[in-house]
1. For the range 120-165 and the range 216-264, write down the distance between their C-alpha centroids in whole Å.
2. Computed on alpha carbon atoms, what radius of gyration and Dmax characterise the range 174-330, expressed in Å?
3. Could you go through the range 135-140 in sequence order and give the Karplus-derived ³J(HN,Hα) for each residue, using 6.51 cos²θ - 1.76 cosθ + 1.60 with θ = phi - 60°, rounded to whole Hz, and x for Gly and Pro?
4. Taking H placed 1.01 Å from N in the peptide plane, check which residues at least 5 places from GLN81 or on another chain put their amide H under 5 Å from its amide H.
5. For the range 102-218, count the residues as N, evaluate 2.2 N^0.38 Å, and divide the Cα radius of gyration by that value, please.
6. Hey, got the dipole for the range 205-360? About the Cα centre, +1 on K and R Cβ, -1 on D and E Cβ, debye to the nearest 20?
7. If amide H atoms are built 1.01 Å from N in the plane of the peptide, which residues on other chains or at least 5 residues away come under 5 Å of the amide H of PHE76?
8. When a footprinting reagent is the concern and you count Cβ atoms within 10 Å, what order do SER52, SER46 take, fewest first?
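What follows is calculated from the coordinates using simple rules that are stated; it is not laboratory data. All values reported here derive from a predicted model rather than from experimental measurement. With ideal geometry, Cβ positions are generated from the backbone for all residues, glycine too; neighbour counts draw on all protein chains shown.
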Amino acid sequence: MIRKSVIIIIIALLCLMAVRCRMVFLPNQEELIAEETKELIVVGFSQLGAESDWRSANTESMRSTFTEENGYQLIFEDGQQKQSNQIMAIRTFIQQDVDYIVLAPVTETGWDTVLQEAKDAEIPVIIVDRMVNVSDDSLFTCWVGSDFELEGKKAAEWLNQYTIKKGIDPASLHIVNIQGTIGASAQIGRTKGLADAARTNGWDLMAEATGDFTQAKGKEVMESLLKQYHNINVVYCENDNEALGAIKAIEAAGKKAGSDIARGEIMVISFDGVNQEALGYVLDDKITCIAECNPLHGPRVRAVIELLEEGKTPDKFSYVNEKIFSADETVTTLEVDGITCEVTILKENPSDRQEDRKEQ
Ligand code: GYE
């Protein structure tokens with residue numbers, strides 16, 4: 001008898017505990033509805049590849065911005081430098097009915113058809129970094145990135161001012177250009193910046209060859225250019241990874257990378273300012289000047305999406321402000337397109353500047 005009542009009491013206690021637990025641990029109806037309405041914004045990002053440190057920093061910026069914590073679900077696709085992969089990724093995003101498509105295009109042309117498909121599906125497309133060259137601008141919502149031709153003009157004007165200040169005859173500059181991926185906006189703009197300046201200033205631009213924005217290709221191309229031309233005194237590399245490769249080739253050929261071209265050194269000019277080794281090389285005078293290219297587009301793209309979510313219209317084209325870095329103090333300011341640009345003279349630990357850039 002006693003046993004029976006003890007069992008009943010235990011069962012009653014267990015039931016009570018279960019009810020209390022439910023109250024404490026399980027969400028009520030309102031909470032469940034609130035949870036359901038707080039949906040994540042789905043972003044499909046077609047990144048073009050992983051060719052450089054700039055690209056890795058760009059990918060990381062996107063990944064760390066479009067997190068669940070921030071209210072996003074990011075679907076990331078690496079195009080491995082192939083436009084066909086990127087087109088396939090966009091088609092998959094359309095099938096998945098994502099809320100936004102973000103595209104970092106490998107080259108400028110060839111996007112009309114797939115962007116029309118995204119437009120027909122009413123999915124906004126934000127282009128980031130390089131541009132697309134399409135017949136109808138309404139095929140994308142907006143673009144965020146750098147003015148690559150301006151970067152090229154700045155680097156070339158830095159060289160022009162340097163030769164003037166050092167009394168170097170412009171005709172004695174024998175330049176080779178290790179270009180980026182042919183057809184990419186960053187290549188087109190930077191190549192044009194140099195070619196125009198060479199024409200205007202009377203420099204000898206001896207050769208242009210692509211290094212595909214990679215260190216390995218930069219080295220390979222520089223090796224063959226050094227065999228072909230014995231009077232190279234400036235190498236213009238369209239990104240830092242190519243510059244690192246070119247420096248390896250210069251040193252392997254028994255030459256020195258440096259600014260003292262009168263003494264037979266080969267001056268290296270480059271772009272990005274992301275790779276720590278390259279920034280260290282600026283302090284060592286192995287790279288004389290870097291035109292900055294800022295990769296931290298995640299927060300910029302997020303700001304665009306937030307505007308669109310509020311029903312507002314973002315600017316069609318948003319350009320990022322960028323600097324020019326050197327450890328050489330010969331040139332301190334530049335005049336480009338009527339704008340005065342201060343040269344940032346690197347003295348301190350280059351990693352400090354990463355913080356600088358984030359605040360821009
Ligand atoms: O400069 C280079 C990368 O498109 C701006 O691509 C980007 C360029 C960048 O591979 O390092």
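1. 27
2. Answer for the range 174-330, Rg first and Dmax second: 17.4, 61 Å.
3. Taking θ as phi minus 60°, the curve returns 6, 10, 5, 6, 6, 9 Hz for the range 135-140.
4. GLY49, ALA50
5. Details: Rg = 17.8 Å, N = 117, 2.2 N^0.38 = 13.4 Å.
Cα-based Rg divided by the globular estimate yields 1.32.
6. Values: 17 positive and 30 negative charges, 87 e Å.
Approximately 420 debye in magnitude.
7. PHE45
8. Details: SER52 22, SER46 26.
Lowest to highest Cβ neighbour count: SER52, SER46.
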